[in-house]
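A short reminder: the numbers here are calculations on the coordinates, not readings from a lab. Just so it is clear, the model here is predicted, and its values are computed rather than measured. Cβ: placed from backbone, ideal geometry, glycine included. Neighbour counts: every protein chain shown.
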Amino acid sequence: MANTDGDRGDIRKLRLGEIERYGEHLLRLDADSRRLRFGMGVGDGFITDYARRINDMQSVVYGFFVGEEIHAAAELRPLTGALPVEAEAAFSVEKAYQDTGIGTELLGRVIRTARTRGITRLYMNCLAENRKMQRVARKFDAVLHFEDGDVVGELAPAVPNYFSIWREAMDDERGFVMGVLDLQKKFLPAA
């Protein structure tokens, strides 16, 4: 698992005012990481538009923060209706942070969030060559199958319980406190 003790970085949900940082992270992805994330080569305009619309898609986004910058992210995006039971998970990790366990930690958070929202089926689509994402999905017992040249991983999150709901609430509270401390560092002069 990734070290998220604050020395190396911290994983937390993005707040509305941090969507621009998410877009900056996506723009920092190298060409191959962009292709693996979106399933095709994409340019800066596509990424800027995508990040701008993330709230419209009702996604929950977790970011791996080092200071104020996001260097990895995971999205949980509902697929259907006002009370969705299916969702998609998508990940992006900048090259310097790959193979460190951050993707595994992000997927764990996304699964827990899906669970607390009553999602019964979670999908992860990736290119057949994206072995890293497939390995991470297998760690959580995802069923992988080929579909139209891609690999689709399917998970069935457990039914929510008090502990899963409490754990997400505690993570949200910790994330809020860390965000406030980041703002304090930014706006208050050093002592």
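Table for the structure above
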quantity	calculated
For F64, net neighbour charge (Lys/Arg +1, Asp/Glu -1) across residues whose Cβ lies under 11 Å away	-1
Long-range tail of P(r) for region 5-147 (Cα pairs > 25 Å, %)	22 percent
Net charge over other residues, Cβ less than 15 angstrom from the Cβ of L36 (K, R count +1; D, E count -1)	+1
Compactness of region 78-156 as Cα Rg over 2.2 N^0.38 Å, two decimals	1.09
